[in-house]
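First the structure, in the form of structure tokens, and then the observations on it.
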Amino acid sequence: MSGVCNLKFTEFKSDQEVRWCPGCGDHAILNSVQKAMSELHYCKDDVAIISGIGCSSRFPYYMDTYGFHTLHGRGAAIASGVKIANPDLHVWEITGDGDALAIGGNHFIHLIRRNIDINVILFNNKIYGLTKGQYSPTSNRGFVSKTSPYGTIESPFRPGELCIGARGQFFARTVDKELKLSIEVFKEAAKHKGTSIVEVLQNCVIYNDKIHAEITDKQYKDDRTITLRHGEPMIFGKERNKGLILDGLELKVVTIGEDGITEDDILVHDAKCEDITLHLKLADMEYPKYPVALGVIRDVEASVYDECMEKQIKEVSEKSPIKSFKDLLYSGDVWEVK
Amino acid sequence: MGKRSKVIEKDEVVVRFSGDSGDGMQLTGTLFSYTSAIFGNDISTFPDYPSEIRAPQGTIGGVSGFQVHFGHSEVYTPGDYADVLVAMNPAALKANAKWMKPGGTIIIDSDSFDEKNLRKAGYKTNDPITEDKLGDFNIIKAPITTMTKESLKDMGLDNKSILRSKNMFALGLVYWLFNRPLEHTKEYIRKKFKKKPVVVEANIKVLEAGYNYGSIIQAVTPSYQISPADIEKGYYRNINGNTAVAWGFLAAAEKSDLPLFLGSYPITPATEIMQELSARRDLGVKVFQAEDEIAGITSAIGASFAGNLAVTTTSGPGLALKGEAIGLAVIAELPLVVVDVQRGGPSTGLPTKTEQSDLMQALYGRNGESPAVVMAASTPTNCFDYAFYAAKIAVEHMTPVILLTDGFLGNGTQPWKIPDLSDFPKINVPVVDENMREEWKPYIRDPEKLSRYWAYPGMKGFAHRIGGLEKDYITGAVSHDPINHQRMVDVRQAKVDKVVDYIPELEIIGEEDADLLIIGWGGTFGHLYTAYEELTNEGHKVALAHFNYIQPLPKNTSDILSKFDKKVVCELNMGQFANYLRMNFEGITLKQYNKVQGLPFTVKELKEHFIKLLEE
Ligand SMILES: Cc1ncc(C[n+]2csc(CCOP(=O)(O)OP(=O)(O)O)c2C)c(N)n1
Ligand code: SF4
Ligand SMILES: [Mg+2]
């Protein structure tokens, strides 16, 4: 069983010098994770942080926990092996938009489908940082980069949509510099049993600076994002007077006090709803038509792979006549030569 | 039982059952070999089936075969040529007649030799015996379909169910030919169809009808007499190489006290290992059916990082996909066993056929200087031992080990004396201990083996980070230092080289002054040994050196090779092991005998070639 510790967040820092570019959003995410782990009362030795390859995937080196910096795209599969081998561990996977959604896309969707109890932090800077600035599977259509000098001619994945499409039961979104929200969301992800995907809108100052700025900058943030919390009305805006309603099959932004709209008309967020319809719509909201949803969008309980594995082993071994390898050797068609 | 007209006494016999892939020939062959094994014969079997599950009925492509070789003394191969062939349709006759010994017995289902089936099989006339010049064979034309229908006519079964038990008639007839009891097969049928008494009754009826038919026609048919072999006392079971591999890992888990994890993706001819271990939830085995081969191996690496005995199984195309991840296990210095049940390549190649053409891929198919231990099993039953030792080396030396078997070993069966696990050594897990905590660093090494120590998540006080970037020689922290990289490349190689001190020396079978040294590795052992044995009995001076350990090579390899002037390396590829030996032993002169037809060697072709070499 994993233990309960009271460690300061600084105790989760390793002795390695943090090598991300100054001003990179990854620094803030590292802080938020360390604080979340401290607040979750994790013990260092129960934590395994698995990453793929990318700037973001350097993360495990900076944590004084068990860590494994693996292969490009394969973090999800390696983390799956770790968790199945020892379900008592807190297994976190750190990945980038290229790592998780391009080369590792197959492992990403299958991890989610299986619902193995792993917390995935997806650093979405909409660029390949480590290889110095090529477009990624989350770059917007038309995005100009070193490998798309005339603009991309492909549509991006939306991580939330992909997650829910792969039968994801937990999806949340936060912003690198919003430490408070990130800590809250990481803790929710940790508490959720099963695969949790947290997309962090991350800024790459060097190759894709300000890519999320029109949403996340201080002066816009309140009007262009909405922070969802289970059981609370979907209200946002500097004046806290805007909200979301359902208009037919579509979400619609309305202003409280206009056209007879009152607070009672505003949708109340139900993250625990099994039906994906509304969650998908919320996850897909894009500026300028909608505010971008932050916070926990979906958090639904379902069967967890690693728990089912343990349960099945227990049930089968109780029932099976084969209790040891020797029993197996002598089972079935065996004869004696005298 | 009536008196037999003519009894042929033989030391060994090869029987081949063949029919359409829906005719149940695999089961028929398995039941026959089981009965022979219980009777006390030594046996070796090999199934030969098409890669399409249901290739067009009645065509050559759809023929499925099962060959059983059994004898009064030890047998090492399923046999080159058959003494008895069962052909359930014209296509089976067409495909297999060329694999018959002169004067052998061919049993055909005469009912299926109609115009339509003859054309489908590619016969131009309605007389296949004359057309294919089979006149010298002893041909038993049995109306198997009619007789099967006849014996079940009162049971109220539908036509399809009736036809499905045709194979039991053929089996009964073959039992008569060899004077074998029906009891074991009846027992099997009763067990298998426990819930369907009608099916039990029908199958047994047809089996007996086949046997009785034999005694009716005995006036015209010789029967065979093969006495039991002189076999070591003990408990036995039949086992094929794939199951033996799976069980070898179970034994290793027990001897190391580690939980067993398999991450794998189905691929012919390796899938059975995964299926076998999937059934072993009762022994706590965790099998993870991954989304592809890459996830198969990487999940296993994750499990190894977390302290499990981790294994991944595949065939050639899958090994290609696993290359990058094997490199990760090399640099992270984690124990891992990768099994490659080789098949014909390149690409999808010949999925159901055997070959030894992945040797270079296993040795070198990775980026960077990426040494791993490579070993090969050589008989279906020793797949158990080599799986066990692959796991032992992986764990004790903290290294990936690639175990090569092949389709021939994986699917071939032999009787196996059930081992006593107390005869197997303990596997010592190089796990960190409490006393080390102060001075421990992730890459400090055992001074003898040069392996690092295993500390896995959950252990108090050993939290550390590893990864695929080059690491500092001691701390394991990321290092780009040039001299450090050289040192790390050297030590990873030295660690694999050190394994040589923990593996057995190479043995020469035969005399040191032989005129020809036959060299082989892996799954060709049975054929090479039989050729060696027969040539020796015929008065030729030959010797055999067969390799199971390939990287590192046994310590005395060079000594042995230098004792013989004339040496021939025989392998089912274009010469990969021969070239590997040339690379390792500068100036060595080797002849080669290679075959890439998706088939094992035949003893006959080997002997002919060796005699030619001896005369040169
Ligand atoms: C097999 C393989 N292919 C390609 C690369 C090169 N590569 C390393 S990281 C990377 C993309 C990283 O992008 P992302 O996952 O978004 O991470 P970021 O650097 O943006 O955090 C690529 C293409 C590699 N290391 N391995
Ligand atoms: S390149 Fe971009 S993502 Fe990478 S460390 Fe620098 S700022 Fe961060
Ligand atoms: Mg990126």
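The values are calculated or read from the model by the stated rules, or taken from the named source; none is laboratory data. Here the structure is a predicted model, which is why all the values come from computation and not from measurement. Backbone-built Cβ (ideal geometry, glycine too); neighbour counts: all protein chains shown. Ligands, DNA and RNA are stripped out before the accessible areas are found, and what is left, the full protein with its side chains, is counted by its heavy atoms. Shrake-Rupley method; radii C 1.70, N 1.55, O 1.52, S 1.80 Å.
Calculate, for B:T146 and B:K10, the FRET efficiency according to 1/(1 + (r/R0)^6) with r their C-beta to C-beta distance and R0 30 Å; round to the nearest 0.05.
0.45
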From the residues B:F424, A:A283, B:H184, which one has its Cα farthest along the dipole of the protein assembly as shown in the positive direction, the dipole being from +1 and -1 charges on Cβ of Lys/Arg and Asp/Glu about the Cα centre?
B:H184
Which order do the peptides B:399-410, B:594-605 take when ranked by the mean count of other beta-carbon atoms within 10 Å per residue, highest first?
B:399-410, B:594-605
Helix axis angle, B:525-537 relative to chain B longest principal axis, alpha carbon, degrees
70 degrees
Mind checking which aspartates and glutamates have their C-alpha under 13 Å from A:K8, skipping anything on the same chain fewer than 8 residues away?
A:E39, A:D64
So what's the gap between the Cα centers of the stretch B:439-458 and the stretch A:54-90, to the nearest angstrom?
20 Å
Under Stokes-Einstein, with the Kirkwood radius over Cα pairs standing in for Rh, what whole-number D in µm²/s applies to the stretch B:7-225 at 10 °C and 1.306 mPa s?
92 µm²/s
Folded to 0 to 90 degrees: helix B:603-615 orientation relative to chain B principal axis, Cα
70 degrees
For the stretch B:508-615, how many pairs of lysine residues have a Cα-Cα distance under 18 Å, where the two are 8 or more positions apart or belong to different chains?
22
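Just list whichever of B:K98/B:K166; A:K83/B:K441; A:K193/B:K195; B:K426/B:K498; B:K116/B:K166; A:K180/A:K242 have alpha carbons separated by over 31 Å in the model shown. Display every interim value, and only then the final one.
Working: B:K98/B:K166 24 Å; A:K83/B:K441 24 Å; A:K193/B:K195 42 Å; B:K426/B:K498 19 Å; B:K116/B:K166 20 Å; A:K180/A:K242 23 Å.
In this structure, A:K193/B:K195 lie more than 31 Å apart at Cα.
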Straight-line reach from B:K124: which aspartates and glutamates have a Cα under 16 Å away, not including same-chain ones fewer than 8 places off?
B:D114, B:E115, B:D132
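Please state, as a whole number in µm²/s, the translational diffusion coefficient that the Stokes-Einstein equation yields for the stretch B:252-293 at 10 °C and 1.306 mPa s, with Rh defined as the Kirkwood radius across alpha carbon pairs. Walk me through the numbers on the way to the answer.
Values: Rh = 10.8 Å.
The estimated diffusion coefficient comes to 147 µm²/s.
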Between helix A:105-114 and chain A, what is the angle of the helix's C-alpha long axis to the longest principal axis, kept within 0 to 90° and rounded to the nearest 10?
70 degrees
Principal axes first, then extents: for the Cα atoms of chain B, list largest minus smallest coordinate on each axis, whole Å, largest first.
84, 62, 47
Which value, in square angstrom to the nearest 100, describes the accessible area buried between chains B and A on both sides, using a 1.4 angstrom probe?
5200 Å²
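What do you get for Rg/Rh over the stretch B:335-401 if you use C-alpha atoms and the Kirkwood form of Rh? Can you show the working numbers first?
Details: Rg = 13.0 Å, Rh = 13.0 Å.
Ratio of gyration radius to Kirkwood radius for the stretch B:335-401: 1.00.
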Report the charge-dipole magnitude of the stretch B:7-225 in Debye, nearest 20, computed about the Cα centre from +1 at each Lys and Arg Cβ and -1 at each Asp and Glu Cβ.
800 debye
Points 7 angstrom from Cα along the Cβ direction at B:T589 and A:C21: gap in nanometres?
6.5 nm
So what is the accessible area of the protein assembly as shown per residue, in Å², with the probe set to 1.4 Å?
40 Å²
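Averaging the inverse of every distinct alpha carbon separation and then flipping it gives the Kirkwood radius. What is it for the stretch B:364-429, in angstrom units? List each step's numbers first, then the result.
Numbers: mean 1/r = 0.0744 Å⁻¹.
Evaluated on the stretch B:364-429, it is 13.4 Å.
For the protein assembly as shown, take N as its residue count and report Rg(C-alpha) divided by 2.2 N^0.38 Å.
Numbers: Rg = 32.9 Å, N = 954, 2.2 N^0.38 = 29.8 Å.
That ratio works out to 1.10.
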Just want the answer: with Cβ charges of +1 for Lys and Arg and -1 for Asp and Glu, which residue in B:V200, B:L363, B:G510 is farthest toward the dipole's positive end in chain B?
B:V200
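Find the all-direction average of the projected area of the Cα convex hull for chain A, expressing the result in square nanometres with one decimal place.
Working: hull surface 93.1 nm².
So the Cα hull casts an average projection of 23.3 nm².
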Using only helices, what value at 222 nm comes out for chain A when you add -39,500 (n - 2.57) per DSSP H run of length 4 or more and divide by the total residues, to the nearest 500 deg cm²/dmol?
-8000 deg cm²/dmol
Kindly sort B:K10, B:K116 by accessible area of their heavy atoms, largest first, with the probe set to 1.4 Å.
B:K116, B:K10
Heavy-atom accessible area of chain B with neighbours in place, 1.4 angstrom probe: carbon+sulfur share in percent works out to 51 percent
Per-residue Cβ counts within 10 Å, from other chains only, averaged over B:463-473: what number is that?
6
Need one number: % antiparallel among DSSP beta bridges in chain B, to the nearest 5.
35 percent
Residue-averaged beta-carbon neighbours from other chains (10 angstrom radius) around A:320-329
5
A:D88 paired with B:L599, simple spin-label distance in nm, labels 7 Å along Cα-to-beta-carbon:
5.7 nm
How much accessible area does B:Y224 have with a 1.4 Å probe, in Å² rounded to the nearest 10?
10 Å²
Could you tell me which of the pairs A:K44/A:K187; A:K326/B:K460; A:K44/B:K322; B:K101/B:K149; A:K35/B:K460 are separated by over 25 angstrom between their Cα atoms in the structure shown?
A:K326/B:K460; A:K44/B:K322; B:K101/B:K149
How much length would be gained if the chain were fully extended between B:E187 and B:K133, taking 0.36 nm per residue of separation minus their Cα-Cα distance, in nm to one decimal?
15.4 nm
Förster radius 25 Å - calculated FRET efficiency between B:D559 and B:Y502 (Cβ-Cβ, nearest 0.05):
0.85
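Once neighbouring chains are kept in place and the probe is 1.4 Å, which whole percent of the accessible area of the stretch A:73-163 is contributed by carbon and sulfur? List each step's numbers first, then the result.
Details: 1610 of 2940 Å².
Of the solvent-accessible surface of the stretch A:73-163, carbon and sulfur hold 55 percent.
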10 Å beta-carbon shell around A:H69, net charge (K/R +1, D/E -1):
+2
How much net charge surrounds B:I301 when only the other residues with a Cβ under 12 Å from the Cβ of B:I301 are counted, with Lys and Arg +1 and Asp and Glu -1?
0
On full extension of the chain, what length is gained from A:V268 through A:T10, given 0.36 nm per residue of separation minus the C-alpha to C-alpha distance?
89.1 nm
What is the extension gain from B:K426 to B:K441, computed as 0.36 nm multiplied by their sequence separation minus the C-alpha to C-alpha distance, in nm to one decimal?
2.8 nm
Write down the Å³ per residue value for the convex hull defined by the alpha carbon atoms of the stretch A:78-235.
125 Å³
Taking Cα centroids, how far is the stretch B:491-566 from the stretch B:289-345 in Å?
29 Å
Return the average number of partner chain Cβ atoms within 10 angstrom of each residue Cβ along peptide A:43-49.
5
